[in-house]
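Asker: Structure in structure tokens, see below.
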Amino acid sequence: NARSQGSPAKEGQSELVKRPSDPFLKVRWEAERLLQELDIHALPVDPFAIAEQLGIALQPMPKSVGGASGMLIHIQGVFGIAYPTHIESDGFKNFSVGHELGHYRLPGHVEAVLDERGQHVSAAGFKSSNRYEQEADHFAAALLMPTRLVTGVIRGAGDGIKAVEAIAEKCETSLEAAAIRYTQICLDPVAVIRSEGAVIDYAFMSNALKDFDGLEWIKKGSPL
């Protein structure tokens, strides 16, 4: 049964076969393409090392700059990434650098997001409604948690929260990012919901859950 509990998709199966119209599919392809170009075939994927390989300078942001998840900077032909330090989480830092790599790598992003000073302050974490921020988030998730490698992690861990925890540990990401990526890869009907108070901030539903007849999609701003 293709949807038995704990059955991960074959590489790209849930993303390529079930819903080819996924608006972020090409974004995830770009992340996979970068990994192939750099000959990266094992977990964890180190976004700091990738930035160095691409000739991008890395700089920690002062802790006083709270709220910003990172910055992409372009000065006199040289790109740089400033990453946050106000949150003591390697997973958050990895995702933030991956997000900025998305802005650097995805077509049209550099032209769209950099201001007149050659700077862009990001809001990573799947909370923004801005198209470029959303694309950079999905790029970061696919870069740090590529389908072809995470599928094996899910198969070995099982389903649900066990799989999410295994992904976060193996890929050195946050539980939140791992849970969202899990919904994109697994074949089980699952949803990840983030709420603030009694209001839904965002929700990600797996393809198997979306296929249920008569199911109302979980929308931002809905009552929890």
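The values are calculated or read from the model by the stated rules, or taken from the named source; none is laboratory data. Just so it is clear, the model here is predicted, and its values are computed rather than measured. Heads up, the Cβs are rebuilt from the backbone with ideal geometry, glycines too, and the neighbour counts pull from every protein chain shown. Please note that ligands, DNA and RNA were not included when accessible areas were found on the heavy atoms of the full protein model with its side chains. Shrake-Rupley method; radii C 1.70, N 1.55, O 1.52, S 1.80 Å.
Asker: Hey, does region 154-167 have a residue that's surrounded by 17 or more Cβ atoms within 10 Å (Cβ to Cβ) and of a type in the set (Asp, Glu)?
Answerer: yes
Asker: Scan Val27, Val45 and give me the residue that is assigned to a loop (DSSP other than H, G, I, E, B), among the β-branched types (Val, Ile, Thr) and touching a residue at least 60 places away in the same chain (Cβ under 8 Å).
Answerer: None of the other options fit; the residue is Val45.
Asker: Go through (1) open to solvent by 10 Å² or more (accessible area, probe 1.4 Å); (2) assigned to a strand (DSSP E or B) one by one and return the number of the condition Ile81 breaks.
Answerer: Just one mismatch for Ile81, condition (1).
Asker: Same structure again: Output the residues belonging to region 97-137 that are at pLDDT 95 or above, within 15 Å of the chain's Cα centre (by Cα) and among the small types (Gly, Ala, Ser).
Answerer: The answer is Gly98, Gly102, Ala136.
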